[in-house]
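Remarks on the structure that follows.
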Amino acid sequence: MLTQQIVNGLALGAIYALIALGYTLVYGILAMINFAHSEVLMLGSFAALGLAAFAPAAFGTGPLALAGLFAAGMLAAGALNAFIERFAYRPLRAVSRLAPLISAIGVSIILQNAVFLWVSDQSVAFPQPIAIRQIPLFGGAQISSLQAVTLAAALILMALLHFVVEKTRIGKAMRACADDLEAAGLMGVDADVVIAATFFIGGALGGAAGVLYSMSYGSTKYNLGFLPGAKAFTAAVLGGIGNVRGAVLGGFILGFLEVLAAGYIPNGAQWRDVIAFSVLILVLLVRPSGLLGEKLAEKV
Amino acid sequence: MSGGAMLSLDGVHAVYGRKIRALRGVSLEVRAGEVVALIGNNGAGKTTLMKTIAGLLAPEKGRVTFQGRALSGLPPHEVMRMGLSLVPEGRRIFPRLTVMENLEMGAYSRAHGAELAREYEHVFTLFPVLGRRRAQLGGTLSGGEQQMLAMGRALMAAPKLLMLDEPSMGLAPVVVDKIFEIIARINQEGVTVLLVEQNARRALKAAARAYVLETGEIVSAGDSASLLRDPAVQKAYLGL
């Protein structure tokens with residue numbers, strides 16, 4: 001029973017973690033919450049759906065179809081996020097802290113309504129490129145092929161992100177900007193380029209999460225991003241917003257909390273969000289900067 | 001103004017924050033190969049002046065020219081690529097990057113190659129402690145080591161003009177000696193230096209020429225030896 005809950009928690013947490021990374025990467029550099037991130041992941045799933053509709057013959061089942069969905073969802077979401085940054089946030093960056101946040105809320109509402117009005121106000125079936133079957137694990141637990149794909153994709157993307165952030169030129173520039181944006185400029189770093197790259201990467205991870213989330217429900221909808229977006233934002237805060245490892249940790253913790261609440265508490269399935277968020281509030285009362293967050297005073 | 005000026009400021013006005021007029025018509029020049037000091041009290045506008053030259057602040061009026069090209073209005077990353085590096089006040093190293101990564105950021109604008117490898121060696125020769133601490137996070141270094149890292153990081157770009165804002169701030173006298181020794185050595189190796197200091201005596205000893213900045217205006221200028229003998233300078237900045 002517990003093994004099964006761990007499997008379920010991992011699969012759910014992996015999706016939250018991917019989304020949470022998008023919030024935390026942006027916050028790390030700009031100290032800004034990208035409230036449009038949940039719509040970016042929603043549009044990532046619609047872009048994947050659009051590709052599948054455009055080339056239905058190629059979208060039976062199989063790894064190629066799966067890769068196609070990911071590529072479409074990630075590229076579209078990454079490009080959209082960078083586009084939003086360029087036109088809705090960058091012009092306001094020097095003005096005030098609050099203006100980009102309001103702009104982000106505006107973008108979020110516009111994108112949701114655009115899909116609602118122009119695409120569909122209903123759930124739309126999402127392609128299912130992998131044959132659903134249960135794979136037995138030790139201890140009587142089993143993992144569905146979908147959960148396995150979710151976990152594998154999330155782990156690969158996280159490893160890739162780790163490599164980019166730690167080892168590459170752009171990744172080092174991202175970390176330098178997160179430490180001190182002005183000093184990075186003095187080193188010859190064009191902050192606009194680094195910020196655009198950060199939004200692209202964060203958006204692409206969100207796009208992947210949008211595809212995985214839609215696949216697990218078999219459908220997508222104009223407000224698909226809202227709930228996982230809010231939860232992933234919570235996860236990012238729980239782990240310590242601005243901290244990459246914290247976002248992953250927070251995502252998995254939130255996934256486990258929900259699954260365990262649903263599995264072990266009477267009527268838990270209905271109470272899972274209440275329980276998960278109560279734990280979040282308790283953690284923040286004890287550690288206001290999150291589990292792995294630094295004290296705010298350190299970043300003067 | 002002589003034709004040999006590497007950096008020249010002509011009637012530069014700048015506003016700091018919303019309203020504070022920090023610079024009121026500053027003109028000065030730095031010739032290739034010189035060490036020039038800028039002294040003045042806290043709040044005189046020294047840091048604003050450095051930030052304006054480096055492109056972190058746009059001048060409200062006036063011209064900043066570096067090697068014959070106008071800098072005014074260029075963003076910091078473009079100013080820097082012209083060969084003008086600022087070691088900012090408070091050092092501003094990257095605390096969560098290792099010493100090595102801090103130096104790599106210093107070389108961000110340059111292509112990899114043999115020349116760059118020699119630059120690392122050069123920095124480690126100037127500051128052996130950085131070589132020993134290369135895997136350590138910048139934030140874990142002592143104040144003196146952080147100042148050395150900030151200077152080493154700026155040198156990685158092989159600047160033609162190195163601007164240092166309060167390099168001695170908060171450091172023990174023995175460390176200050178070391179920092180000024182390095183400044184002299186860097187200058188001998190051909191780097192022009194513009195030095196901002198509250199420690200006027202140290203600055204005037206290190207520099208051949210100096211400017212005195214008071215409430216945003218240059219009130220005095222000349223070679224360091226005569227400024228050291230100037231009664232007004234002695235009274236205001238040397239505590240005599």
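So the values come out like this:
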item	result
Karplus-derived HN-Hα couplings along the range B:140-147 (A = 6.51, B = -1.76, C = 1.60, θ = phi - 60°), whole Hz, x at Gly and Pro	8, 6, 6, x, x, 5, 5, 5
Whichever lysines have a C-alpha closer than 25 Å to that of A:K221, once near sequence neighbours (fewer than 8 apart) are set aside	A:K231
Zone residues, the range B:31-65, relative to B:E89, backbone N less than 17 Å from point 7 Å out along Cα-to-Cβ	B:37-59
Charge-dipole axis of the range B:1-43 as Lys and Arg at +1 and Asp and Glu at -1 on Cβ define it, positive-most pick from B:A14, B:V30, B:G40	B:A14
Nearest-20 debye value, chain A charge dipole, Cβ charges on Lys, Arg, Asp, Glu	180
Too-long pairs where the Cα-Cα distance tops 20 Å, listed order kept, from B:K51/B:K205; B:K178/B:K235; B:K51/B:K160	B:K51/B:K205; B:K178/B:K235
Where labels lie 7 Å past Cα in the beta-carbon direction, separation of A:N267 and A:L284 in nm	2.6
Modelled FRET efficiency - R0 51 Å, B:A32 with A:F138, Cβ distances, 0.05 increments	0.10
Spin-label pair B:M82/B:E115, simplified geometry with 7 Å Cα→Cβ offset, distance in nm	2.0
Unit charges on C-beta of K, R, D, E only; dipole of the range B:25-180, Debye	160
Unit charges on C-beta of K, R, D, E only; dipole of the protein assembly as shown, Debye	360
Length added when fully stretched, A:V193-A:I102, from 0.36 nm per residue minus Cα-Cα	30.5 nm
Estimated inter-spin distance, A:V274 and B:L238, nm [label 7 Å along Cα→Cβ]	7.9
Qualifying lysines (Cα of each under 27 Å from Cα of A:K167; at least 8 residues distant if same chain)	A:K295, A:K299
For the range A:180-293: rounded, prolate or oblate by the Cα gyration tensor [a/c cutoff 1.5]	oblate
Nonlocal amide H pairs with B:L71, under 5 Å, H built at 1.01 Å	B:V64, B:T65, B:F66
Å³ per residue enclosed by the Cα convex hull of chain B	123
Amide hydrogen neighbours beyond the local backbone of B:S220, cut-off 5 Å, H modeled	B:V212
P(r) tail fraction, the protein assembly as shown - alpha-carbon pairs more than 35 Å apart, %	46
Longest DSSP-loop-exposure-free segment, trypsin sites (Lys or Arg not before Pro), chain A, at most 12 other Cβ within 10 Å	A:134-294
Amide hydrogen neighbours beyond the local backbone of B:L38, cut-off 5 Å, H modeled	B:L195, B:V196, B:E197, B:Y211
For the range A:115-164 and the range B:1-78, distance of Cα centres in Å	56
Mean separation of Cα contacts under 8 Å (6+ apart) over length of the range A:28-236, as relative contact order %	41
Relative contact order %, chain B, counting alpha carbon pairs below 8 Å whose residues are six or more apart	27
Per-selection metrics, the range A:28-236 (Cα): Rg and Dmax in Å	18.3, 58
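No lab work stands behind these numbers, since they all come straight from the coordinates. Quick caveat, the model's predicted, so the values are computed rather than measured. Neighbour counts run over all protein chains shown; Cβ positions are idealised from the backbone, glycine included.
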